[in-house]
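First comes the structure, then the notes that go with it.
The values are calculated or read from the model by the stated rules, or taken from the named source; none is laboratory data. These numbers were taken from a predicted model, which means no experiment stands behind them. A quick note on method: Cβ atoms are made from the backbone with ideal geometry, for glycine too, and the neighbour counts reach across all protein chains shown. Quick note on the areas: whole protein, heavy atoms, side chains included, nothing else; ligands and nucleic acids left out. Shrake-Rupley method; radii C 1.70, N 1.55, O 1.52, S 1.80 Å.
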Amino acid sequence: MSYIDGFVIAVPTANKQKFIEHARHFDSLFIELGATRVIEAWGDDVPDGKVTDFSRAVQATAEETVAFSWVEWPDKATRHAGMKKMMEDPRMDPSTPGNPPMPFDGKRMIFGGFEPVVEVTA
């Protein structure tokens, strides 16, 4: 059974291209460490809710766009091993020369691991 990591991030809208470059740099590490697919999505139709919504969840301002991303792993064990290696990899350190700086406030990112319970395909 697969395993999914999900992320919601508030990104300064002016940093869209920097976000894409950051994602291209780091997402290849997920694949190298065992992930099967990575999706980075830029908010396009993210409505304000009456009680809660994506923007409130990450305290997005009017100058920010919500990005929604996920990483697909073949299973939870591969995810745990891959994430451990990723956190130890110097390519993850933004202070390492050649690594792009984080184009968003990482303290407001929400994330978690999810076990799929229903999958419907065409």
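Which one, ALA14, ALA23, ALA62, has the greatest fluctuation when you compute a Gaussian network model over the chain with C-alpha springs under 10 angstrom?
Top of the fluctuation ranking is ALA62.
Give me the accessible area per residue for the chain, probe 1.4 Å, as a whole number in Å². Can you show the working numbers first?
Working: 7950 Å² over 122 residues.
It amounts to 65 Å² per residue over the chain.
How big is the dipole moment of the range 13-60 about its Cα centre under a simple scheme where the beta carbon of each Lys and Arg is +1, that of each Asp and Glu is -1, and everything else is neutral? Debye, nearest 20, please.
On the way: 6 positive and 8 negative charges, 19 e Å.
Approximately 100 debye in magnitude.
Which lysines does LYS84 reach when only Cα atoms under 18 Å apart count, and residues fewer than 8 places away in its own chain are ignored?
Answer for LYS84, where 18 Å is the Cα cut-off: LYS76, listed by chain and number.
Between ASP75 and SER95, how many nm apart are label points set 7 Å from Cα along the C-beta direction?
In this crude label model, ASP75 to SER95 measures out at 3.8 nm.
Quick one, which of (i) 18.4; (ii) 14.2; (iii) 15.5 is the actual Kirkwood radius over Cα pairs in Å calculated for this model?
This structure yields the entry labelled (iii).
Under the 0.36 nm per residue contour assumption, what length would be gained going from the current alpha-carbon distance of ALA62 and PHE7 to full extension?
17.8 nm
Where a Cα-Cα gap under 26 Å defines reach, which lysines qualify for LYS16, not counting those fewer than 8 residues away within the same chain?
Output for LYS16: LYS107.
If you filter the range 44-77 for trypsin sites (Lys or Arg not before Pro), then keep DSSP loop positions with at most 14 other Cβ within 10 Å, what is left?
Listed in order of number, the matching sites are LYS50.
Given +1 on the Cβ of Lys and Arg, -1 on the Cβ of Asp and Glu, and no further charges, what dipole in debye does the range 4-122 carry about its Cα centre, rounded to the nearest 20?
Roughly 240 debye, rounded to the nearest 20.
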